Amino acid sequence: MDELAEREFREYVALRQGALYRIAYLLTGHHQDAEDLLQVALTKLALHWPRVHRSGSPDGYVRKILYRQHISIWRGSRNRREHVMGLLPEMTAVEDPSGETVLKLALSRVLGELTRRQRAVVVLRYYEDLPEAEVAALMGTSVGTVRSQVHRTLTRLRVLCPELRYIEEPV
């Protein structure tokens, strides 16, 4: 990579790193795994930066790397990482008239109980708002499988967290 391309790459990473990290975290559900996933994605992006930058869509390219890398992890190795956790802090009641904090805590808790595949389908469909056909292409599966995964995942979310019962499936 020449000096100009390297500078452009560094500027892109500085500008987009936060948003890309959030996607990685939503996929993995763990900060260290998200950092690892993002690092792999940015390394792969750097290898092809001049071509990708010329194409004008580096965001799409790096998101595709994130999703495919995440999917290959749960496809290729069925080993689950263990995460050593200290004692959890005591939860205290927080004055929140909107109930948003309670909902965010509940959602965070139940997302951790989903499988990697279920997390991926929820992130792709709801966070990234991708159409079913694109989700199917990224996950290497059929549109029908994506629909059934979305349905099963939302059903499971509603069971695990009654506060989420109002979530509707996309049409």
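Of the residues making up segment 146-163, those that are open to solvent by 40 Å² or more (accessible area, probe 1.4 Å), in contact with a helix residue (DSSP H, G or I) (Cβ under 7 Å, 6 or more places away or on another chain) and at pLDDT 90 or above number 1. Cβ-Cβ contacts under 7 Å between residues 6 or more apart (or on different chains), taken from a first residue in segment 125-154 that is on the phi < 0 side of the Ramachandran plot to a second residue that is outside any helix (DSSP H, G or I) and of a type outside the set (D, E, K, R), are listed as Arg125/Pro170; Ala136/Ser142; Thr153/Leu114; Leu154/Ile167. Taking the criterion of being crowded, with 17+ Cβ neighbours inside 10 Å and not charged (D, E, K, R), the residues of segment 111-125 that qualify are Leu111, Leu114, Gln118, Ala120, Val121, Val122, Val123, Leu124.
The values are calculated or read from the model by the stated rules, or taken from the named source; none is laboratory data. These figures come from a predicted structure and were not determined experimentally. Here the Cβ is made from the backbone with ideal geometry for all residues, glycine too, and neighbour counts use every protein chain on show. The accessibility values were calculated without ligands, DNA or RNA, using every heavy atom of the protein model including side chains. Shrake-Rupley method; radii C 1.70, N 1.55, O 1.52, S 1.80 Å.
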